[in-house]
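First the structure, in the form of structure tokens, and then the observations on it.
The values are calculated or read from the model by the stated rules, or taken from the named source; none is laboratory data. Bear in mind the structure is a predicted one, so any value in this text is a computation, not a measurement. Positions of Cβ are backbone-derived with ideal geometry, glycine not excepted, and every protein chain shown enters the neighbour counts. The protein model used for the area step is the full one, side chains on, heavy atoms only, and it has no ligands, DNA or RNA in it. Shrake-Rupley method; radii C 1.70, N 1.55, O 1.52, S 1.80 Å.
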Amino acid sequence: MPSFKAPSRFRPTEPREWTVSVAVPTSIITDCVTREQRTTNVGRVARALAIFSVDEVVVFDDSPVDQRISNADPDAYTGDVDPAHFMEHLLTYLETPPFMRKVLFPLHPNLRSQGLLPSLDMPHHPHKDEWLPYREGMTLETPPKGGKGTEVDIGMPSTVRIAESIPPRTRVTLKMPDDQYGTPEPVHPAAPRTEAGYFWGFSVRRASSLSNVLTESPFEDGYDMSIGTSERGVPLSKAFPSYEPANFNHLLIVFGGPRGLEFAAMNDPQLGEMGITGPRTKELFDHWVNVLPNQGTRGIKTDEALLIALTGLRRLWDSS
């Protein structure tokens, strides 16, 4: 068991229960002509999520209802790309540590251009010269010596053994022992963040509409602060003055596609029944912000807006 400590670039912060979530629409790839363009667009989104330590990404369908793929098995889908499944598939693939992707992600049309995807190089993606107190691993079919427990591949030259019996090809989060005589312990996937303060990748959730982004939160009490982005919103400096602290447990930042969040609301049947369309879309959020007033171009792409917005908003959760 390696005994050297983690390098300074991945020093943990304070243990935290709070989270930052980002929602992006499928329309960011529907206008792409080729699979290569769709792949690189999703890759740029994933890079932004990794750079700013985002804990959850939600992919939501903002296309007209009559254009959505219904009652289809996405894993068997071979026609035109289902944008929601495509984005969810690639984001999950990118978040997964590279050494286990070949086993957990069989050949699929969505991954034909995976060579164009960037490296995210997050803390839970192993590196031969680094050692962290937590590791991501994949259970193996190989029976451990002694016949008890489970062998786990953690992306290092040697596998490790855990006392628990877990089916093969299962991804697990392990807390590593302090010395070479200890046994790794399976823990909750959020433990590196809640117990030690490490950014440990992002979960990927798929929502069928804009309203479901808000109502299907994985957190017990939902999101207690939501931010919608629009060129018709108020500047960040006005929405979040530097002298006012931001208090939240689970923050959600929602981005629109080429035609904005109003387009997503217009194509949401539930919001239509409530009369929330057009200018009333801002009523869905606690804050309605313009991340870059007086922009020098007619439109800002969603992957560009991600970088701009997260740069401006990061002070809400980054005490450094």
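Structure values in brief
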| read-out | value |
| --- | --- |
| Amide hydrogen neighbours beyond the local backbone of Val291, cut-off 5 Å, H modeled | Ser230 |
| Protection proxy ranking of 217-223, 234-240 - average other beta-carbon atoms within 10 Å, highest first | 234-240, 217-223 |
| Cα-based reach from Lys282 at 29 Å (exclusive), listing lysines while leaving out same-chain residues under 8 positions away | Lys238, Lys301 |
| In Å², nearest 10: area of Arg315 left accessible to a 1.4 Å probe | 110 |
| Part-to-part distance (alpha-carbon centres) for segment 132-169 and segment 251-305, which is given in Å | 45 |
| Net charge, Ile276 excluded, C-beta distance under 13 Å - Lys, Arg +1, Asp, Glu -1 | -2 |
| Most mobile of Lys175, Lys282, Lys148 in a GNM of the chain (Cα contacts under 10 Å) | Lys148 |
| Phe199 accessible area, assembled protein chains, probe 1.4 Å, Å² | 30 |
| Lysines whose Cα lies under 22 Å from that of Lys175, excluding same-chain neighbours fewer than 8 positions away | Lys5, Lys128, Lys145, Lys148 |
| Cβ-based net charge around Thr173, under 12 Å, with every Lys or Arg adding one and every Asp or Glu removing one | +1 |
| Nearest 10 degrees, 0 to 90: helix 83-95 Cα axis against the chain principal axis | 40 |
| Debye-sum result for segment 186-320 in log10 I(q)/I(0), which assumes one identical scatterer on each alpha carbon, at q = 0.10, 0.19 Å⁻¹ | -0.38, -1.26 |
| Share antiparallel - DSSP beta bridges, segment 134-196, percent rounded to 5 | 100 |
| Convex hull per residue volume in Å³, alpha carbons only, for segment 134-196 | 86 |
| Carbon + sulfur, % of accessible area of the chain - ligands and nucleic acids excluded, 1.4 Å | 49 |
